[in-house]
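One structure below.
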Amino acid sequence: MVLAIPMILEMVMESLFGVVDMFFVARLGVDSLATVALTESLLVVVFGISLGLSMATTAYVARRIGEKDPEGAAVGAVQAIAVGLLLAMVVGAAGIVWAPDLLSLMGATASVVLVGTAYTRILLGGSATIFLLFLINAVFRGAGDAALAMRVLWVANGINIVLDPCLINGWGPFPRLAVRGAAVGTTIGRGVGVGMQCWLLMGGYSRVRVHARQIRVHVGVLWRLLKVSVTGILQFVIATASWAGLVRLCATFGSSAVAGYTVAIKIFMFVILPCWGLSGAASTLVGQSLGAGKPERAEAAVYRTGRYTMFYMGALAVVFLVFAPKMAGFFTSDKAVLGVASDCLRIISLGNVCYAWGMVLVQGFNGAGDTRTPSLINFGCYWCLQIPLAYGLSRLAGWGPRGVFTAIPAAETAMTVCSLILFRRGWWKAKTI
């Protein structure tokens, strides 16, 4: 719980970036809201790459801390940051050059492309702040310093919450930038957070301290991290790209369907953040326990966390079924968008209990450094089951957006069953990193 509570609050803060943008932008109209929705669907790929690399970083740092080797953990942190910066350069350049094409690819109408190109360029162009926020916080989590990660995101979000309405609406001395203002405020907030992270990491405020002499390429460590990161990145890209695929399917039913789906997913992802915090704590405990030579403690951490998460998600399913319209109404008063969002929340809640166990089991594999197994599970359940099922139900069976939503709990249930079977076989206990 000492690990999980700060992680939960950290996840809440990370999710708030998108929630705050959506809250203020929704007042500008459906096209602006669709811009945020479609850009977020592009950013999930960036988040997926960041999460994959972060997961490998957390596993590496946790294992070194378990072995009482903070020097090795610091070297690993530097190599992870170097990889993140390289990837950010590629993503940022692509976003700046091809922003309108990427929006069109995601099914944006001409009016959405006109309104949203600048927003998309700014967020993708500033993707270095996303990569570094994820990676340096992964170092803190692996070291057991989850409270530091939480504080960084408190500061970053505080700045974003203040700047968003000022820049969107032109309050006081600020220019009125409309939807662009949300992107500028978010990027500035994240940038300040990264600056704070570097100060904490190099100032001796964490269990892992980076010294100037360690800021160099260490080929051996870099290669070990990359081997885990490649399948880790693939794991999250497979999962997050499948969500982008669902947005693309929703886009064939109009802007209201996209906006409603995005509102529902934002609500869902926000309220399940305690589960992500708990599963993140389990991942850290697995890595540190294996590093200390105690695999039985690692296994016990996963099963106990799974039970706690299951109780929370089960209660949450009841809340969604009863209060979905009121929760969606916080973000929009448009009746069409509200109806789609309510349907989505109610349908996906049917898979909540399975989803709870699935996310914890997957993080158990990741904490051990076994990123290959979750990657294969994600590919099978999301791309071989979820996407074809969503297309078949929504287009061929004529269910519309509800067909897309129904495929989500089906895929999550399949993922959990596969994860549990493979976790019980225990191969992950022998994984080295």
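Results, tabulated for the structure shown:
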quantity: Least to most buried among 129, 432, 262 (fewest other Cβ within 10 Å first); calculated: 432, 129, 262
quantity: Helix-only mean residue ellipticity at 222 nm for the chain, each DSSP H run of n ≥ 4 adding -39500 (n - 2.57), per residue, nearest 500; calculated: -28000 deg cm²/dmol
quantity: Positive dipole terminus of the chain, leading residue within 433, 161, 269 (C-beta point charges); calculated: 433
quantity: Lysines with Cα under 22 Å of residue 429, excluding same-chain neighbours fewer than 8 positions away; calculated: 68, 227, 294
quantity: Candidate lysines for bridging to residue 335, where Cα separation is under 22 Å - those fewer than 8 sequence places away on the same chain excluded; calculated: 266, 326
quantity: Residue 294-residue 397 pseudo-label distance in nm [points 7 Å out on the Cα-to-Cβ vector]; calculated: 4.8
quantity: Euclidean distance between Cα centres, region 205-252 to region 382-422, Å; calculated: 26
quantity: Surrounding net charge for residue 259, when Lys and Arg each add one and Asp and Glu each subtract one, Cβ distance under 14 Å; calculated: -2
quantity: Environment charge at residue 130 (Cβ cut-off 14 Å; Lys +1, Arg +1, Asp -1, Glu -1); calculated: -2
quantity: Global form of region 69-138, assessed from the alpha-carbon gyration tensor, a/c cut-off 1.5; calculated: prolate
quantity: Full-stretch length increase - residue 5, residue 421 - with 0.36 nm per residue and alpha-carbon distance subtracted; calculated: 146.9 nm
quantity: Cα centroid of region 333-368 to Cα centroid of region 57-129, whole Å; calculated: 24
quantity: Correct choice for Cα extents along the principal axes in Å that was computed from the model, options (i) 69, 56, 38; (ii) 80, 52, 46; (iii) 57, 51, 33; calculated: (iii)
quantity: Per-pair calculated FRET efficiency, R0 = 25 Å: residue 216 and residue 93 via Cβ, rounded to 0.05; calculated: 0.50
quantity: Distance in nm between pseudo-label sites at residue 205 and residue 27 (7 Å out along the Cβ direction from Cα); calculated: 3.3
quantity: 14 Å beta-carbon shell around residue 145, net charge (K/R +1, D/E -1); calculated: +4
quantity: Extension reserve of the residue 86-residue 432 stretch, reckoned as 0.36 nm per residue once the Cα distance is removed; calculated: 122.0 nm
quantity: Positive-end residue of 211, 201, 332, charge dipole of region 4-430 with Cβ unit charges; calculated: 211
quantity: Residues 168, 161, sorted so that the one with the fewest Cβ neighbours within 10 Å comes first; calculated: 161, 168
quantity: Anchor residue 431: aspartates and glutamates whose Cα lies under 17 Å away (excluding residues fewer than 8 positions away in-chain); calculated: 67, 296, 299, 370
quantity: Footprinting exposure proxy for 431, 68 (fewest neighbouring C-beta atoms within 10 Å first); calculated: 68, 431
quantity: Among 300, 77, 146: highest mean-square fluctuation, GNM of the chain, C-alpha pairs under 10 Å; calculated: 300
quantity: Relative contact order of region 4-430, defined on C-alpha pairs under 8 angstrom at six or more residues apart (%); calculated: 22
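Rule-based calculations on the coordinates, nothing more; no lab input. Predicted model, so just to flag it, every value in this text is computed and none were measured. Quick reminder, even Gly has a Cβ in these numbers, built from the backbone with ideal geometry, and neighbours come from all protein chains shown.
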